[in-house]
Amino acid sequence: MRAKKWVFWIVLGLAVVVALGAVAMDRTPYSKFDKRYYLTAQQIAFVRPGLNLNVQDIQVDGRAVSVTFTVADDRGLPLDLDGIFTPGPIRARFLLGTIPAGENQYLTYTTRNVTSPITNDSAVQPSSDTGGTFEKVADGTYVYRFGTMLPAGYDATATHSVGIYSDRDLEEFGLGDQIDNDVVNFIPAGGMVERIRDVVRTDTCNQCHDPLAIHGGFRRAVELCIMCHYQGVLDPDTGNTVDFRVMIHKIHHGENLPSVQAGTPYRIIGFRQSVHDYSTVVFPQDVRYCDTCHREGAVQAEAYLLRPARDTCGSCHDDVNFMTGEGHAGGPAISDRFCANCHFPEGELEFDASILLAHTIPANSRQLEGLNIEIMDVTNTGPGENPTVLFAVTNDAGDPIDPNSLNFLFFALAGPTTDYSFLSREGAVGNAMPVGDAFTYTFQQAIPPDATGTFAVGAEGFRNVVISGMTTSEMSVRETAENPVFYIAVTDPAPVPRRTVVTDANCETCHRNLALHGSIRHDPEYCVVCHQPAADDSARRPAEQGLPESIDLKYLIHRIHTGEELTRPFTVYGFGNRPHDFTEVLYPGDRRNCEKCHEGETYVVPSAGVLPTVAPREFFSPIAPNSAACLGCHDSLAAAAHAFLNIAPFGEACAACHGPQAEFAVARVHAR
């Protein structure tokens, strides 16, 4: 009997190990912010989440086109389109188009006629195929026969494409829609496909859009977008083109379009008369960074340099009239034929007419020598002492620069690093003392006598430099330095840096070169020195605007990136007492993906924060640190009441429900 018991427990133990291994294996492809991650092995085996549609073959019989394709789950197992034999019905919609010989844009055969109820104008727009039929040929394998026939006399030697967007409805299992897009190129007459359109890749868009999800979220591939959005396709309601080259440039230029600045909003009216007003869009970096979107990897990534055209260039420069020559230094241009004569890829002088150098960002000018601040050491770091900073200022070649020659140089002293509560900012221009090739600056304000732990010393600076704008003009450019942060032990045995929640690299995924407050502040490690839990805009907010607004970084950044999805106004007053209304911010990604910005698991509760956020305009203040971060996005009365009821005088109860292993863990409730 004893032997049998041992066998029983060994078998049970092995079963548990196998089951846990199966769960781990099933979760491997998914992040904690994916709802599929939280399915058990049994649920995964039943639901079989995922949707992967793959084209196996395309046949052309006369003018009739048919597509053989497979549908499978994330494990590669076949799925049933009707959702009878496997959970979740699947819809697949098909487009058919060509890139005509000698052209570089699509012409789509599957179209529909649309008439505007506003203008009564009609337009032919690309759409999915109608009248087609499906035939099941094996489990998970189907043939789709297009209802649309190829036109008589079509060019069988030209590139043709089948585009597919599909979705699988798993809403009853809490997984929403599973989406897949595919575009397959072929030559009806047979042979290798040579002419394609590959200017911008989907993964490039997903740097910010996380993920790109348009038209109800069902279309997620640029390869699919360009099959419908090409030259000549119009929105009949506004008369605006929806040519991808024009529309995308105009959307991303948004509120800075000359036409919008002049008072004409930029709108597209879409499905079911939904109005899309892009006049408030602010691109999160300088729009002249063309290579943010036109990145290496795409076959035609350099098309913007090699094929200048009036439509493309006029999308951003929409105050130029090419027909009359108004606003165009080259005079009238009635075709694109001679654009490249002046607008060649790269010239010799910055800001000339070449495409690359015409888009020179002044702060990145090659005429600038560079400005770098290095904090080498800090002495006198005990409680009540006045710290002395040993630092050097150099150009990019390493040559020394006299800091007293700068237009602006400030040092910041803040602490403790557990959560900043003390700040002193002092100007050093005219007060820096030379020590060999370096300089020193001694703070006039001392470290508080009761200070403990570790403090931080940071720096910011700039100089104004005159550069040549073109051959005959000049411009003044603010040349800025990155922000060094140097940690000093006040009472700690060794310096303990402030926790890293967000890195500069994470911000620059979208912002390219994060540069705030007159472009002199670049790094979240430095931002948090000033944006402390008790900080607010009272120094800038006019008295008639009421109570001050918190500018605690964790609260402020969540509010800014929530933007138009906030339920209440959020305006912060800055330099010059100017209001900054962040309720128009359009975050391009999905805010539920905390990992997009956060390092590691710094989004979990309880966090390492120790000080409450002082927020006089909120429903209650001060707000304990975990609650302050959450209420940054969740700004409703109900959310505030929930947080308030779970805060005791001795701490927060957040982790009880929202801790890493809890039922409502942060990652789990934000899973998509």
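Apply the Kirkwood formula to the stretch 345-440: the hydrodynamic radius equals the inverse of the mean of 1/r over all pairs of different alpha-carbon atoms; give it in Å with one decimal.
16.3 Å
For the stretch 355-401, what is the convex hull volume of the alpha-carbon atoms per residue, in Å³?
Spelled out: Cα convex hull of the stretch 355-401, divided by residues, is 100 Å³.
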Q. Once phi is turned into θ = phi - 60°, what whole-Hz ³J(HN,Hα) does the Karplus curve with 6.51, -1.76 and 1.60 give for every residue of the stretch 167-181, x standing for Gly and Pro?
A. 9, 10, 8, 10, 4, 5, 9, x, 9, x, 9, 8, 10, 8, 10
**Q.** Length released on extending from Arg295 to Arg272, taking residue separation times 0.36 nm less the Cα-Cα span
**A.** 4.8 nm
Q: Place +1 on the Cβ of every Lys and Arg and -1 on the Cβ of every Asp and Glu in the stretch 93-230, take the dipole about the Cα centre, and give the residue among Leu170, Gly191, Pro100 whose Cα lies farthest towards its positive end.
A: Pro100
Q.
Using a 1.4 Å probe on the protein heavy atoms only, what accessible surface does Met247 show? Give it in Å² to the nearest 10.
A. 20 Å²
(Q) Sorted from largest to smallest, which semi-axis lengths in Å does the alpha carbon gyration tensor of the chain give for its equivalent ellipsoid, taking the root of 5 times each eigenvalue? (A) 49, 39, 23
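To the nearest 500 deg cm²/dmol, what mean residue ellipticity at 222 nm is calculated for the chain from DSSP H runs of n ≥ 4 alone, each contributing -39,500 (n - 2.57), summed and divided by the residues?
The helix contribution divided over the chain gives -5000 deg cm²/dmol.
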Q) So what is Rg over Rh here for the stretch 130-275, counting just Cα atoms and using Kirkwood for Rh? A) 1.01
Q. Taking H as built 1.01 Å from N, whose amide H comes closer than 5 Å to the amide H of Arg219, not counting residues under 5 places away?
A. Ile214
Q.
Restricting everything to alpha-carbon atoms, can you work out Rg to Rh for the stretch 111-162 with a Kirkwood hydrodynamic radius?
A. 1.13
Q.
Can you tell me the length gained on complete extension of the stretch Lys136 to Asn431, counting 0.36 nm per residue apart and subtracting the Cα distance?
A. 98.0 nm
Q: Quick one: divide the alpha-carbon radius of gyration of the stretch 310-374 by 2.2 N^0.38 Å and tell me what you get.
A: 1.41
Q) Can you give the translational diffusion coefficient of the stretch 527-581 in µm²/s, computed by Stokes-Einstein from the Kirkwood radius over Cα pairs at 37 °C and 0.692 mPa s? A) 283 µm²/s
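Would you kindly work out the equivalent ellipsoid of the stretch 25-182 from its C-alpha gyration tensor and give its semi-axes, the square roots of five times the eigenvalues, largest first in whole Å? It would help to have the intermediate numbers written out before the result.
Details: eigenvalues 235, 74, 42 Å².
With the √(5λ) rule applied to the stretch 25-182, the semi-axes are 34, 19, 15 Å.
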Q: Determine the dipole magnitude for the stretch 560-672: charges of +1 sit on the beta-carbon of Lys and Arg, -1 on that of Asp and Glu, nothing else is charged, the reference point is the Cα centre, and the result goes in debye to the nearest 20.
A: 60 debye
Q) Roughly what % of Cα-Cα distances in the stretch 46-120 sit above 13 Å, to the whole percent? A) 77 percent
**Q.** Distance histogram in 10 Å bins (all Cα pairs of the stretch 202-343, percent per bin)
**A.** 10, 38, 39, 12, 1
Q: Whole number in Å², please: accessible area per residue of the chain, 1.4 Å probe, ligands, DNA and RNA not counted.
A: 51 Å²
Q. Summing +1 for each Lys or Arg and -1 for each Asp or Glu, what net charge is found among the other residues whose Cβ lies under 14 Å from the Cβ of Ile334?
A. -1
Q. Mind listing P(r) for the stretch 384-428? All alpha-carbon pairs, 10 Å bins, whole percents.
A. 19, 44, 27, 10
Q | Charge dipole (debye, nearest 20) of the stretch 505-629; +1 at Cβ of Lys and Arg, -1 at Cβ of Asp and Glu | A | 160 debye
Q.
From the C-alpha coordinates alone, can you work out the Kirkwood hydrodynamic radius of the stretch 432-484, in Å?
A. 15.2 Å
Q. Roughly speaking, what is the centre-to-centre gap between the stretch 645-672 and the stretch 184-259 when only Cα atoms are used, to the nearest Å?
A. 41 Å
Q: State log₁₀ I(q)/I(0) for the stretch 278-342 at q = 0.22 Å⁻¹ as given by the Debye formula over alpha-carbon point scatterers of equal weight, solvent excluded.
A: -1.03
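From the P(r) of the stretch 91-213, can you give the percent of Cα pairs sitting at distances over 26 Å?
More than 26 Å apart: 37 percent of the Cα pairs in the stretch 91-213.
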Q. Placing +1 at every Lys and Arg Cβ and -1 at every Asp and Glu Cβ, with all other atoms neutral, what dipole size does the chain have around its Cα centre, in debye to the nearest 20?
A. 1960 debye
Q) Where in the chain are the DSSP H helices whose C-alpha atoms run 20 Å or more along the long axis and whose mean Kyte hydropathy is at least -0.5? A) 2-27
Q: Could you tell me what % of all Cα pairs in the stretch 197-285 have separations over 20 Å?
A: 37 percent
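The values are calculated or read from the model by the stated rules, or taken from the named source; none is laboratory data. Remember, predicted model here, so these are calculated numbers, not experimental data. Counting neighbours? That spans all protein chains shown, and the Cβs are built from the backbone with ideal geometry, glycine included. To get the accessible areas, we keep the full protein, side chains included, count just its heavy atoms, and leave off ligands, DNA and RNA. Shrake-Rupley method; radii C 1.70, N 1.55, O 1.52, S 1.80 Å.
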